[in-house]
Amino acid sequence: MKRLLLGLLLSSCVLLLYAQNEPLKSGYLRCPQQAKNGIVASNDRFTEIYIIKNNRIKSLVKTRGCGMYNNLNNEKTLVGFKSINDDGMQAPALLNLENESVTLLENYSEQCGQVSFSNDGTIAYMVGNRLIIRKKNSRREFDLGFYTNLAPISPDGKKVAYNDANGNTYILNLETKQRIQI
């Protein structure tokens with residue numbers, strides 16, 4: 001019940017702010033998420049990521065698709081998203097909500113997946129056929145044999161779920177490297 005009320009409250013705040021601010025003259029806000037210092041949302045075309053705080057909307061990132069499937073880390077201070085440049089090349093990226101800076105996790109390439117976080121700060125994303133797992137300064141790669149856009153890491157940072165090109169769902173145990181088809 002508390003979550004429903006919080007969701008309704010967030011939606012109401014977003015709608016009120018939408019009506020009072022310039023950045024959204026056409027369109028509407030989507031996917032509001034409570035961050036540490038405000039509400040993170042995207043526009044209806046998923047081409048911008050906004051922070052809403054102190055009754056103001058501020059655009060932080062503007063790139064094709066950046067607002068689709070973005071994720072917040074456990075501390076609610078980082079947004080993981082896919083950055084797509086004007087040439088259509090893609091890079092996994094982090095938006096730091098505290099200083100509003102963007103850090104690319106990899107160079108731009110033809111395919112990268114969405115960024116996800118475990119509770120302990122481990123980051124997972126795809127680059128081509130490779131699943132990349134980063135924790136602090138360590139980096140591990142797993143060749144899945146195909147590209148998938150979504151490969152979210154589990155809250156405990158030990159497993160990743162993904163679908164193959166045929167829609168089959170798999171769980172990869174990052175410690176044992178065992179793959180199980182669901």
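Take THR122 and decide whether it is of a type outside the set (Gly, Ala, Ser), within 17 Å of the chain's Cα centre (by Cα) and either farther than 24 Å from LEU60 by Cα or open to solvent by 80 Å² or more (accessible area, probe 1.4 Å) (or both). Criteria not met by THR122.
Going by the conditions given, is GLY38 on the phi > 0 side of the Ramachandran plot, modelled with pLDDT of 95 or more and open to solvent by less than 80 Å² (accessible area, probe 1.4 Å)?
Taking the combined requirement at face value, the residue satisfies it.
Comparison of LEU150, LEU94, LEU131 shows that the only residue that is assigned to a loop (DSSP other than H, G, I, E, B) and under 16 Å from the mean Cα position of the chain (by Cα) is LEU150.
Contact map, the stretch 88-112: residues that are closer than 18 Å to ALA124 by Cβ paired with residues that are assigned to a loop (DSSP other than H, G, I, E, B) and among the aromatic types (Phe, Trp, Tyr), Cβ distance under 6 Å, separation 6+ or inter-chain. Pairs shown: ALA91/TYR108; GLN111/TYR147. I'd like the full set of residues that are more than 17 Å from LEU150 (Cβ to Cβ) and touching a Phe, Trp or Tyr at 6+ places or on another chain (Cβ under 6 Å), limited to the stretch 88-118. Correct list: MET89 only.
One residue stands out in the stretch 135-145 among those that are farther than 17 Å from ASN173 by Cβ and open to solvent by 70 Å² or more (accessible area, probe 1.4 Å): the one that is modelled with the highest pLDDT, namely ARG139. So which of ASN163, ASN129 is out of contact with any Phe, Trp or Tyr (no Cβ under 7 Å at 6 or more places or on another chain) and among the polar types (S, T, N, Q)? After ruling out the rest, the residue left standing is ASN163. When the test is whether a residue is exposed (fewer than 14 other Cβ atoms within 10 Å of the Cβ) and modelled with pLDDT under 95, SER26 passes it.
The values are calculated or read from the model by the stated rules, or taken from the named source; none is laboratory data. What you see is a predicted model; the values in this text were computed from it and never measured. Using ideal geometry, Cβ is built from the backbone for each residue, glycine included, and neighbour counts are taken over all protein chains shown. Ligands, DNA and RNA are stripped out before the accessible areas are found, and what is left, the full protein with its side chains, is counted by its heavy atoms. Shrake-Rupley method; radii C 1.70, N 1.55, O 1.52, S 1.80 Å.
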